[in-house]
Amino acid sequence: MVNTVSAISTEDKILTAAREVFHQKGFSGARMQDIADEAGINKALLHYYFRSKEKLFETIFREAFEKLVPHIIEVFSSELPFFDKIRAFCEAYVTMAMENPFVPIFILNEMHANPEGFQKTFGDIPKKVPHTLLKTVIKKAVDDGLIRPIDPPQLIMNMLSLCMFPTISRPMFQLVMNMSDTQFKKMSELRKKEVADFIIQAIKK
């Protein structure tokens, strides 16, 4: 029987290593041996905890998502002014994308290449997104005359697109703009505010 304390420690070490390898090589380029080497363990032990890199990714994705969603619910259920909710939403999504840059690309690839498999593995996750709450809060802002009339799903899509696209297009953007990794990271930090300001300016009356 594996000691609980050491098991938790080893699992965390593996997940940290997997995030780093996925970040460096992308999901398709990562190998289980790479992750084992990064974690400082042998591959047999890695397979004891996680049968495949798909299972590793699933765990990382669910952890990121389950950390993000309660925060979004808390923000949009709070008494914060509406524009501050927009700012908190954008900061949370950009932060998640920066911490897990391989996630959006993998999700897009899987949705197109293997839609049935994606639905089977991750189909429960969209049900956790507080769609109704977001729509209700946005509609109230429209009814209160705080923002111009806008379809809530359109606003949600606009925010998500602006938060996620830089991560998805990172290699192309860095090449075109001749931007180093450090410069891109600094720009991504600034986007937490820039995206929110852009959205707010576009919708406010």
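The values are calculated or read from the model by the stated rules, or taken from the named source; none is laboratory data. None of the values given here were measured: they were computed from a predicted structure. Note: ideal-geometry Cβ built from the backbone for every residue, glycine included; neighbour counts use all protein chains shown.
Would you please name the residue that is nearest to Val21 (Cα to Cα), looking only at residues in segment 94-124 that are of a type in the set (S, T, N, Q) and buried (at least 16 other Cβ atoms within 10 Å of the Cβ)?
Asn100
Across segment 47-71, what is the number of residues that are within 26 Å of Val195 (Cα to Cα) and touching a residue at least 60 places away in the same chain (Cβ under 8 Å)?
5
Buried (at least 16 other Cβ atoms within 10 Å of the Cβ) and modelled with pLDDT of 90 or more: does that describe Ala88?
In short, yes.
Inside segment 76-96, can you point out the residues that are in contact (Cβ under 8 Å) with a residue 60 or more places away in the chain and polar (S, T, N, Q)?
Thr95
Show me the helices (runs of 4 or more DSSP H) found entirely inside segment 52-160 where at least 2 residues are within 18 Å of the chain's Cα centre (by Cα) and either in the same structural domain as Ala30 (by TED's automatic domain parsing) or closer than 30 Å to Gln33 by Cα (or both).
Hits in segment 52-160: 53-77, 82-99, 102-113, 115-122.
How many residues does segment 126-135 hold that are of a type outside the set (A, V, I, L, M, F, W, C) and either modelled with pLDDT of 95 or more or touching a helix residue (DSSP H, G or I) at 6+ places or on another chain (Cβ under 7 Å) (or both)?
So the count comes out to 3.
Any chance you could count how many residues in segment 163-205 are part of a helix (DSSP H, G or I), of a type in the set (Lys, Arg) and either touching a helix residue (DSSP H, G or I) at 6+ places or on another chain (Cβ under 8 Å) or outside the structural domain of Phe102 (by TED's automatic domain parsing) (or both)?
Counting residues in segment 163-205 that are part of a helix (DSSP H, G or I), of a type in the set (Lys, Arg) and either touching a helix residue (DSSP H, G or I) at 6+ places or on another chain (Cβ under 8 Å) or outside the structural domain of Phe102 (by TED's automatic domain parsing) (or both) gives 5.
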